[in-house]
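The values are calculated or read from the model by the stated rules, or taken from the named source; none is laboratory data. All values reported here derive from a predicted model rather than from experimental measurement. We place every Cβ from the backbone using ideal geometry, glycine too, and count neighbours over all the protein chains shown. Keep in mind that these areas ignore ligands, DNA and RNA; they rest on the heavy atoms of the full protein, side chains included. Shrake-Rupley method; radii C 1.70, N 1.55, O 1.52, S 1.80 Å.
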Amino acid sequence: MILLALFAVPAAANSATYFVSEDGTVLTANATLINQSTFLLVKPGFLGEEIALPVDNLTIQNESGIVEFTQNGKTVSFPAGNYTLNYSAKIENGLIYLRYAEPYNVSIYLPEKFQTGHLILGTVGNGGVVSSSDNSSYGSMVTFENTNTASLTFYDDVREPLLYLFLGIWGVVFVIAGVRYFRLKRKPIRDF
């Protein structure tokens, strides 16, 4: 009976919530850390390797107030405990990449004018679920449950019609070129 009671009580989980600014250039983070002593701040480099993510306004606090921390490249270290971590970072090319040392529940909020989940324009990493936002200030939300990595690419709502216009124009060009090719191929060759 005691064993069942242990499974019925949900364990406190690390969680992180991110908000994309209205212009899509700044990511604001708010993470709840449960019994943690490190946090990773990384982004993909030129060749896909992880490099340190430069952040602004990084604060770590508990019920006693702001906690001192050290940042060594990609890792922020602090005494083990329960904390709230906040920072803001610049978003480049609509890419959000997050990695954690422990599993986290992650929510990323996108403003109305940005979309994600398109096969070409904006993909969502493994385990990500796109849904309508539960926050009236944002249009959509992407959630990741119990993950060590979360990533997505977003785009503004003008890019999708432009992509289909571009593909449509090239489709017409290929049809015209194909028709011309088959007409020339059927035409008999005359000797001069």
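For the reader, a short list of remarks on this structure follows.
- The residues of the chain present an accessible area of 65 Å² per residue when probed at 1.4 Å with all protein chains retained.
- Where only DSSP H runs of four or more residues are counted, the chain gives -6000 deg cm²/dmol as its mean residue ellipticity at 222 nm, each run worth -39500 (n - 2.57).
- Accessible surface of the chain [probe 1.4 Å, protein heavy atoms]: carbon and sulfur percent: 58
- For volume of the Cα convex hull per residue in Å³, computed directly from the structure shown, the correct entry in (1) 115; (2) 216; (3) 152 is (2).
- Given charges at beta-carbon only (K, R positive; D, E negative), |dipole| of the chain in Debye: 1500
- For G139, the amide hydrogen comes within under 5 Å of the amide hydrogens of L110, E112, counting only partners 5 or more places away or on other chains and with H modelled in the peptide plane.
- Tail weight of P(r) past 20 Å, computed on alpha-carbon pairs of the range 51-127, percent: 46
- Candidates Y155, Y181, Y164, ranked by Gaussian network fluctuation over the chain, Cα under 10 Å, top entry: Y181
- Projected area, mean over directions - the range 112-184, Cα convex hull, nm²: 6.6
- Partner lysines for K74 [C-alpha distance under 19 Å; skip if fewer than 8 residues away on the same chain]: K43, K90
- Karplus-derived HN-Hα couplings along the range 104-119 (A = 6.51, B = -1.76, C = 1.60, θ = phi - 60°), whole Hz, x at Gly and Pro: 10, 9, 10, 10, 10, 9, 10, x, 3, 7, 10, 10, 8, x, 7, 4
- Residues of the chain were split at every exposed loop site, defined as GluC sites (Glu not before Pro) in a DSSP loop with at most 14 other C-beta atoms within 10 angstrom, and the longest piece left, sites excluded, is 113-192.
- Counting only DSSP beta bridges with both residues in the range 14-160, the antiparallel share comes to about 90 percent.
- Selected from F19, F46, F182 as most flexible by GNM, with the chain as the system and alpha-carbon contacts under 10 Å: F182
- Positive dipole terminus of the chain, leading residue within S21, F46, V172 (C-beta point charges): V172
- Qualifying trypsin sites (Lys or Arg not before Pro) for the range 97-192 [loop in DSSP, other Cβ within 10 Å: at most 16]: K113, R190
- Net charge dipole size for the range 88-192 [Lys, Arg +1 and Asp, Glu -1 on Cβ; Debye, nearest 20]: 1160
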